[in-house]
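Written below as structure tokens is the structure these notes are about.
The values are calculated or read from the model by the stated rules, or taken from the named source; none is laboratory data. None of these values were measured; they are calculated from a predicted model. As a convention, Cβ positions derive from the backbone with ideal geometry for all residues, glycine included, and neighbour counts pool all protein chains shown.
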Amino acid sequence: MKRLELKQVRVCSKCGRGRAGLESPDGDRLEVPLDAARAHELSGHPDDVRSLSALVLEQLAAGGARPREVVLDVGAAGLRALLSFVRGEESDLVACTAQEGIGLAVRGELALYATDEALALDRDNAGDRGPDSTVH
């Protein structure tokens, strides 16, 4: 597992969708597709409506839970994020989409990691990212 930092958010000027460029200190990279709303949020343009990640973090805090980290991993349906949090002596893990996980990590200033499998998935698909790979 490697620590990642959000290095870049690319947003398409035509459709608004984007990509989050994540990088580890030793140069491993992972790109995560973003829908238009998340690309807008992560590119530093605040909205007048509270985001889902803000609500989730507020509700966790209100319930006495403390988010710890977000891990990008590969599940049965592909890339996903796992949010870990603690409440008292108990710890828990919640799965969400990779883009939601990045939003939670950025908004909550949480550590962001990727498993070796997630990084390998990105390397395996680097040459053929499909029709949604380019930001126009």
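Here are a few things to note about the model shown:
- Only one entry of Leu93, Leu82, Leu55 meets the criterion of being hydrophobic (A, V, I, L, M, F, W, C), assigned to a strand (DSSP E or B), over 21 Å from Leu121 (Cα atoms) and without any contact (Cβ under 8 Å) to a residue 24 or more places away in the chain, and that entry is Leu93.
- Residues of the range 71-103 classified as within 14 Å of Val32 (Cα to Cα) and either over 18 Å from the mean Cα position of the chain (by Cα) or surrounded by 15 or more Cβ atoms within 10 Å (Cβ to Cβ) (or both), total: 15
- Among the residues making up the range 39-69, those that are modelled with pLDDT of 90 or more, among the charged types (D, E, K, R) and closer than 25 Å to Lys2 by Cα are Arg66, Arg68, Glu69.
- Within the range 14-31, the residues that satisfy the criterion of being part of a loop (DSSP other than H, G, I, E, B) and either closer than 10 Å to Leu4 by Cβ or within 17 Å of the chain's Cα centre (by Cα) (or both) are Arg17, Ser24, Pro25, Asp28.
- Single condition Asp48 does not satisfy, out of (1) in contact (Cβ under 8 Å) with a residue 24 or more places away in the chain; (2) at negative phi: (1)
- Filtered by the rule that a residue be at pLDDT 85 or above, outside any helix (DSSP H, G or I) and out of contact with any Leu (no Cβ under 8 Å at 6 or more places or on another chain), the range 99-136 gives Glu109, Ala111.
Conditions tested, residue by residue: (1) among the charged types (D, E, K, R); (2) more than 25 Å from Val11 (Cα to Cα).
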residue	(1), (2)
Pro25	no, no
Asp28	yes, no
Val32	no, no
Gly44	no, no
Val49	no, no
Leu55	no, no
Gly64	no, yes
Glu69	yes, yes
Arg80	yes, no
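- Applying the criterion of being buried (at least 17 other Cβ atoms within 10 Å of the Cβ) and charged (D, E, K, R) to the residues of the range 1-22, the residue that is nearest to Tyr113 (Cα to Cα) is Lys2.
- Count of the range 1-29 residues which are β-branched (Val, Ile, Thr) and in contact (Cβ under 8 Å) with a residue 40 or more places away in the chain: 1
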